[in-house]
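Here the structure is laid out as structure tokens; the discussion comes afterwards.
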């Protein structure tokens with residue numbers, strides 16, 4: 001197959017000497033602005049947090065999802081078997097936050113333990129929930145997280161660091177939560 005090239009006559013070149021460059025620049029700018037617009041349309045909203053690299057980041061990501069009313073994402077921070085054992089069915093889980101407008105999280109000192117190719121994290125928390133009527137509720141407790149060592153996970157899908165269980169107790173809103181939070185997690 002023979003290709004034809006289109007050539008500009010000397011008259012054409014004198015009228016539009018930069019025809020090739022201006023066309024190329026226009027195409028590049030159009031593609032760049034379209035790609036930027038598409039990327040902006042698909043990027044998470046500002047403030048989005050989805051980090052599964054540490055025990056602290058998983059707990060913060062869980063409550064980021066709760067605060068954004070992204071309950072499917074929140075549910076996904078739990079190990080699948082743990083979610084079935086520890087949580088209500090998904091619809092009830094989501095409905096449980098219907099009157100919650102936000103949850104402020106304070107983390108205590110995280111502890112780490114290992115055993116047989118497994119890593120465990122204990123994350124003490126104080127949670128202050130603000131309800132839709134403006135009232136607050138305060139909770140203290142411990143999240144236990146687990147991951148099989150990444151270097152020995154040999155079969156897909158990869159299982160990221162996830163919440164394995166939680167023990168959370170409501171306390172009086174005026175309570176000093178420092179001591180209870182420090183004692184909320186058993187040694188791992």
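Go through region 66-164 and tell me which helices (runs of 4 or more DSSP H), entirely inside it, have 2 or more residues that are farther than 22 Å from residue 48 by Cβ and touching a strand residue (DSSP E or B) at 6+ places or on another chain (Cβ under 9 Å).
Fully inside region 66-164 and qualifying: 80-86.
Within region 141-182, the residues that satisfy the criterion of being without any contact (Cβ under 8 Å) to a residue 12 or more places away in the chain and closer than 14 Å to residue 109 by Cβ are 178, 179. Whether any residue in region 80-90 is within 29 Å of residue 180 (Cβ to Cβ) and either at pLDDT below 90 or in contact with a helix residue (DSSP H, G or I) (Cβ under 8 Å, 6 or more places away or on another chain) (or both) is what I want to check. There is at least one residue in region 80-90 that is within 29 Å of residue 180 (Cβ to Cβ) and either at pLDDT below 90 or in contact with a helix residue (DSSP H, G or I) (Cβ under 8 Å, 6 or more places away or on another chain) (or both). Condition test on residue 95, is it more than 19 Å from the chain's Cα centre (by Cα) and on the phi > 0 side of the Ramachandran plot? Taking the combined requirement at face value, the residue does not satisfy it.
The values are calculated or read from the model by the stated rules, or taken from the named source; none is laboratory data. Keep in mind that this is a model prediction, so the values were computed, not measured. Don't worry about glycine lacking a Cβ; one is built from the backbone with ideal geometry, like all the others, and counts go over all protein chains shown.
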